[in-house]
Amino acid sequence: MIIERIKLNDYRNYASAEVFPGRGVNLFTGDNAQGKTNLLESVRLASVGRSARTTRWQELVRRGAKAASVSVRVRSDAGADEVTVRLGDAKTVLVNGYPVSRMGELMGVVKTVLFTPDELRIVKEGPGERRRFADIALCQLSRGYFYTLTRFNRVLAQRNRLLKGSPTDEELSVWDMQLAREGARITYTRRQFAARIAGFAAAVHADISGGEKLETGYEGAEGDSIAEIESGLLDALAQSRERDRRFSVTHVGPQRDDISIRSDGMDLRAYGSQGQQRSAALSLKLAEMELMKSEGGEYPILLLDDVLSELDEKRQSKLIERIKAYQTIITCTHLTDDVREKIGEITEFRVRAGTVERSDK
Ligand code: ATP
Ligand code: MG
């Protein structure tokens, strides 16, 4: 899948801009605070329906303007598609000109993998970051997963709200059944995701780091089938009921799951150095590219914000070698000649105060 056009209106510091990326590596350079990250953010917004930087989409509207819009046109084996996100009184999404009634219809139209210096947190921070990593990838691969997750979150919120009062056993039982049903699907799907990505991540990591072993696994309810996980969750919910009542929160379910990340036996979440955590995060993202290709038939678009400068030379070279296989959108403040040479063919753009210009011709 490749992006053919990005069009912005009153988005962040862009009044209006139109960008036509090339097939391979696209480089956006510019000084600090010119709009490089904003551009990547807009692509991600059209891809997964939200910004990686903020949950308040009102911030995305250019200061002083009333509404913003982002359009991203992609071409895939299936043909051309365009996603438009309008941010005005509300957030509305259009796919090929038609407003979608459910956000799930957006998922998978523009498939992206995002890697920024912030993504280090998928290794370093709490389990929520790793669950989000799995969930965003899975939602792009399957709308069914998106809807299951939406239902699960609703059930969980309702059960937790109920726990704030003094629910009867009967009341709780109703929610336990729904929680176990949706929760089992999520744990099962994420567990499969973790198992499949583990192989890709190990291979990518060995390549990038020169032989280091990376092992990832899923930590959550056990079971080989959805039914098995569901009945396990039901039992666990029953057992944790008194505790749930006492703390007014649900202690059992996929909202507590995690993905383990180990290198040569050491838990990188707790003990990894900054550099190790960064490489593991990068390996996971590149593994996500491979997984999405193996599941979806095509590579997604890789979005790299400011990451080349953060890697040591060896990892940088390895990364550059790999990104040539995809359409990649990279931002950085400047590129040294030897890195430019390593990349080879580049489509270059210059970002300056909310404007973008082709600079390689
Ligand atoms: P860096 O190299 O420092 O990462 P960048 O080119 O990636 O810089 P961006 O993060 O894209 O910079 O932000 C560019 C500018 O956008 C900032 O100066 C910020 O003030 C501005 N900006 C952010 N939101 C809005 C908005 N809603 N309206 C107008 N300007 C905004
Ligand atoms: Mg930036």
(message) For the stretch 3-51, give me each residue that is more than 9 Å from ligand 1 (Cβ to nearest atom), among the hydrophobic types (A, V, I, L, M, F, W, C) and surrounded by 18 or more Cβ atoms within 10 Å (Cβ to Cβ).
(response) ILE3, ILE6, LEU8, ALA17, VAL19, VAL25, LEU27, VAL43, LEU45, ALA46, VAL48
(request) Give the residue, chosen from VAL155, VAL93, VAL100, VAL74, that is farther than 30 Å from ALA15 by Cα and surrounded by 14 or more Cβ atoms within 10 Å (Cβ to Cβ). (result) VAL155
(request) Scan (1) surrounded by fewer than 21 Cβ atoms within 10 Å (Cβ to Cβ); (2) in a helix (DSSP H, G or I) for the single condition SER166 breaks and write down its number. (result) (2)
(request) For ARG63, state whether it is without any contact (Cβ under 8 Å) to a residue 12 or more places away in the chain, within 16 Å of ligand 1 (Cβ to nearest atom) and assigned by TED's automatic domain parsing to the domain that holds GLU345. (result) yes
(request) For ALA236, state whether it is in the same structural domain as CYS139 (by TED's automatic domain parsing) and part of a helix (DSSP H, G or I). (result) yes
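Conditions tested, residue by residue: (1) assigned by TED's automatic domain parsing to the domain that holds LEU40; (2) aromatic (Phe, Trp, Tyr); (3) within 16 Å of ARG322 (Cβ to Cβ); (4) free of Cβ contacts under 8 Å to residues at least 40 places away in the same chain.
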| site | (1), (2), (3), (4) |
| --- | --- |
| ILE261 | no, no, no, no |
| GLY275 | no, no, no, yes |
| ALA281 | no, no, yes, no |
| GLU288 | no, no, yes, no |
| MET292 | no, no, yes, no |
(message) I'd like the full set of residues that are small (Gly, Ala, Ser) and more than 11 Å from ligand 2 (Cβ to nearest atom), limited to the stretch 8-36.
(response) ALA15, SER16, ALA17, GLY22, GLY24
(request) Filter the stretch 1-38 down to residues that are among the hydroxyl-bearing types (Ser, Thr, Tyr) and part of a strand (DSSP E or B) and give me whichever is nearest to LYS111 (Cα to Cα). (result) TYR11
(request) Could you pull out the residue among VAL93, VAL72, VAL48, VAL85 that is away from ligand 2 (no atom under 16 Å from the Cβ), in contact with a Cys (Cβ under 8 Å, 6 or more places away or on another chain) and closer than 17 Å to GLN140 by Cβ? (result) VAL48
(message) Take the conditions free of Cβ contacts under 8 Å to residues at least 60 places away in the same chain, over 17 Å from the mean Cα position of the chain (by Cα) and more than 20 Å from MET289 (Cβ to Cβ) and apply them to GLN34. Does it pass?
(response) no
(request) Could you check GLY79 against (1) surrounded by fewer than 19 Cβ atoms within 10 Å (Cβ to Cβ); (2) within 16 Å of ligand 2 (Cβ to nearest atom) and say which number it fails? (result) (2)
(message) So, in the stretch 262-281, how many residues would count as being modelled with pLDDT of 90 or more and of a type in the set (Asp, Glu)?
(response) 1
(request) Return a yes/no flag: does the stretch 314-327 have any residue that is within 16 Å of ligand 2 (Cβ to nearest atom), in contact with a Leu (Cβ under 8 Å, 6 or more places away or on another chain) and not in a helix (DSSP H, G or I). (result) no
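Here are some residues: ALA221, ALA206, ALA195. Which one is touching a residue at least 12 places away in the same chain (Cβ under 8 Å) and either assigned to a helix (DSSP H, G or I) or in contact with a Cys (Cβ under 9 Å, 6 or more places away or on another chain) (or both)?
On inspection, the qualifying residue turns out to be ALA195.
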(message) Pairs please, first residue from the stretch 10-23 and more than 26 Å from ILE343 (Cα to Cα), second anywhere and among the hydroxyl-bearing types (Ser, Thr, Tyr), Cβ atoms under 6 Å, 6+ apart in sequence or on different chains.
(response) TYR11/SER42
(request) Quick one: in the stretch 53-68, of everything that is under 26 Å from MET1 (Cβ atoms) and touching a Leu at 6+ places or on another chain (Cβ under 6 Å), which residue is nearest to ligand 2 (Cβ to nearest atom)? (result) LEU60
(message) Cβ-Cβ under 6 Å, sequence separation 6+ or interchain: first residue in the stretch 346-361 and closer than 20 Å to LYS324 by Cα, partner modelled with pLDDT of 95 or more and among the polar types (S, T, N, Q). Which pairs?
(response) THR347/ASN26
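The values are calculated or read from the model by the stated rules, or taken from the named source; none is laboratory data. Every value quoted in this text rests on a predicted model; they were computed, and no experiment measured them. Positions of Cβ are backbone-derived with ideal geometry, glycine not excepted, and every protein chain shown enters the neighbour counts.
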